[in-house]
Amino acid sequence: MVRAAQTISILFAGLLGVSLAPRAHAGCAPDGGYAPPFPQASQHPAPVSAGVAEPAGETAAKTADTEARRALDALGKLEDADTALAMAADGAALYEREKVKLDGYAYCSQAVELAEKGEFRESARAASKALHVALQTGNLDLLGKAYRDLAIAFSYGGQLERAEQFANLALKYPGADATQVNGPSKKVLGDVRTRQKRFDEAIAFYEQAATESSERYRPLVQASLANALILSGNLERARTTLDALSEPTDARQRAQLMRTRGRLLLAEHKPAEALVLYRQLADAPADGDEDFYRAWALDGISKSEAALGQDANAARSLDEAIGMFEKARSQFRSDEFKMGLFSDLQAVFERAIGLHSKLGQAEQAFDISERSRSRALLDAVAKGGVQGQASSSALAASELRSMLKPDEVVVAYHSLPDRLTAWVLTQDGVREVKFALALPRADLVRLVDAYRDALIKLSPAAKDVGDKIGQLLLAPLAVPAGKRIILIPHGPLHYLPFQALRLDGQYLIERNPMSIAPSISIAARLAQQAPTASAQLLAFGNPTINPEVADPLPGAEREVQALSRQFPGAKLYFREEANKDNFRQDAPQSQLVHVAAHATADLLDPLHSKVLLADEQGQPNYLEARDVLGMDLRKVALMALSACESGLGRVENGDEVLGFTRSFLSAGTSTLLVSLWPVSDAATETLMTTLYGDLAAGVEVQDAMRDAQRKVMADPATAHPYYWAPFNLIGNWRLRVLK
């Protein structure tokens, strides 16, 4: 029996023609620059009061009411947590808390001003209040502007799926002056297509936006059009478009235009001229956002210096740019916008890694890689305060080396577009690993998918494939047998079961105790926060679920009963009592938490991934990843999700793995046990009882996990990696339970 629920995934085709495709990321502004000025909200028709619409007559009132109701009905069809329905509800709650309730258009003005300052989440909140007022009053002009401002805020924050949704909604309500909605909204759609590298579509949207924009806004559209033309390779038309633009009076528009001109000069193979222009931009940034504009100028300086063969200068300029981008990111108060910014900057990090690697600077390349990883998660982990400290900075190699024990080795991979690179970090230093094959990212994705597919299908060839991949990815590391390995995957490697790769005729887990971490800075902080745990077990087994949704799990119940015998006084919940309410009540106070149940991964929206805890009053009451984010689990030293695919999610471009892994670690959990594919009920029972038996005896978690996997492997009936390799040990690799 397999712990996987029989679910029906319903993918909404969209609202009013809006696609709900998986999110994509790219530059922070339409051409990779910062937030330029938008059409001012003051350019709207005469404002209405917050509570009363001003229709032209009774017919208009009925029409407005009908349209508003249709909008509300349509909104109800969306499920995504940050779509229009949720934004309207968020806006309503925020509006009710306002001591002085403003005119709806005033909230649009706030949204514009906040976006210009880079406060994208606060901008979205202001726009959500405008959305609430518009829906309550039936003001369709305001409704279009609220959607427009939401589209702009999410676009600049790198949340492209949401930006596209709201831009398309805005176009349904152009209002009294269509240029105020249509131009900016179609520009957002062009920005989204540019970042998705669909340049022909982007150019078409920009051309439409230019014809439907105000005179003041049109130059901004033209600059973005020129940028898309550069990226598409149409340099002649890009030059013609840029040369036709007059010098903007607005400092931000002027800085963005300079950056686009510099990009064109580089594309025209004129790096010396580009270098002069970028240095001018660095010396005279736009007022109010000096650090951010200087960072983009330094990025351009670095590209120009690299094109001139000045690699050492290019690396120094890029290092300085990254420092400024990190400073800008720290000012954001929302995880999603922080993640969006760092997703946008991955190409910058990748170029810096390449430059330092080319210069033979392994430690600097390692540090840049570490600084690029899972930064929103690192912020959350740092909130736990290692010995009273609250810094969320990534740890440098020099600091990490001093934290390692003689038998510990950190292996950090980084998947670049054209090749795979890796570093091995020990007490003695950092060395970069050279692979025999380049292994571009696209090839690595196919390799990982094919191997996981072979394991899940119990392919007899899986062992041979594990040998081949082991030769590709493990042999060049030259890590001696017996050393403790902390593996830091990147990109598609997050889904690779390293324990099932083979080297020297052995599976890696036979050869080396090992664990996984999103970044070594995160793992090191977790190891400091919770080095030991008391023998206090809370366990949930075989929750009662509608049999049409999922089969019972008697093995899960036996598993929990067996674990409890190792931990006297354990608190156990079975069947109807293995529910979400009891989890919420008891998990925050527990040291060891074990959940043996069904689970489903939602790769479209990983925060809706769920563990199927017991139905309550005949209705499902699942534990979703988003529920976990709101919990305080800092006392939990080990969270074991003995369920199917609990370790899956979606790997964002900023190397953030969204799903249960991020949710539990963000909530404060120190060590996590999750699975990469549907698991066998019987094999999992053996693995977990062995693991907990070792933990109860005081064995460190890496060794306990190794013993557990080898125990399942030793049985000929479950020797295939499908049975013993699905579980990843993530986080604090040194955890030990006090006897």
Restricting attention to segment 239-293, and to residues there that are crowded, with 19+ Cβ neighbours inside 10 Å and among the polar types (S, T, N, Q), which single residue is modelled with the lowest pLDDT? Q253
Being buried (at least 24 other Cβ atoms within 10 Å of the Cβ) and not in a loop (DSSP other than H, G, I, E, B) is the requirement here; does L526 meet it? yes
What is the residue count in segment 707-728 for residues that are without any contact (Cβ under 8 Å) to a residue 24 or more places away in the chain and of a type in the set (A, V, I, L, M)? 4
Small (G, A, S), modelled with pLDDT of 90 or more, surrounded by 17 or more Cβ atoms within 10 Å (Cβ to Cβ) and within 20 Å of N182 (Cβ to Cβ) - does that describe any residue in segment 138-149? yes
For segment 294-351, what are the residues that are outside any helix (DSSP H, G or I) and at pLDDT 95 or above? L308, G309, Q310
Among A637, A714, A708, A682, which is surrounded by fewer than 24 Cβ atoms within 10 Å (Cβ to Cβ), modelled with pLDDT of 90 or more and assigned by TED's automatic domain parsing to the domain that holds E557? A714
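Results for (1) modelled with pLDDT under 90; (2) within 25 Å of L355 (Cα to Cα); (3) buried (at least 16 other Cβ atoms within 10 Å of the Cβ), shown as yes or no for each residue.
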site	(1), (2), (3)
L425	no, yes, yes
G429	no, yes, no
V433	no, yes, yes
L439	no, yes, yes
L447	no, no, yes
L455	no, no, yes
D464	no, no, no
L472	no, yes, yes
Just one of A209, A163 is buried (at least 24 other Cβ atoms within 10 Å of the Cβ), more than 30 Å from the chain's Cα centre (by Cα), in the same structural domain as E96 (by TED's automatic domain parsing) and of a type in the set (G, A, S); which is it? A209
Mind listing whichever residues of segment 472-512 are aromatic (F, W, Y) and touching a residue at least 60 places away in the same chain (Cβ under 8 Å)? Y495, Y507
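Residues checked against (1) surrounded by 22 or more Cβ atoms within 10 Å (Cβ to Cβ); (2) in the same structural domain as G233 (by TED's automatic domain parsing); (3) more than 22 Å from L257 (Cβ to Cβ):
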{"residue": "K129", "(1), (2), (3)": "yes, yes, yes"}
{"residue": "Q136", "(1), (2), (3)": "no, yes, yes"}
{"residue": "G190", "(1), (2), (3)": "yes, yes, no"}
{"residue": "D200", "(1), (2), (3)": "no, yes, yes"}
Specify which of the listed residues (S214, S232, S224, S185) is within 23 Å of L114 (Cα to Cα) and surrounded by fewer than 24 Cβ atoms within 10 Å (Cβ to Cβ). S214
Taking segment 530-566, which residues are out of contact with any helix residue (DSSP H, G or I) (no Cβ under 6 Å at 6 or more places or on another chain) and within 20 Å of T669 (Cα to Cα)? A530, P531, T532, A533, S534, A535, Q536, L537, F540
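The values are calculated or read from the model by the stated rules, or taken from the named source; none is laboratory data. Note that this is a predicted model, so its numbers are computed, not measured. Note that each Cβ is placed from the backbone with ideal geometry, even for glycine, and that neighbours are counted across all protein chains shown.
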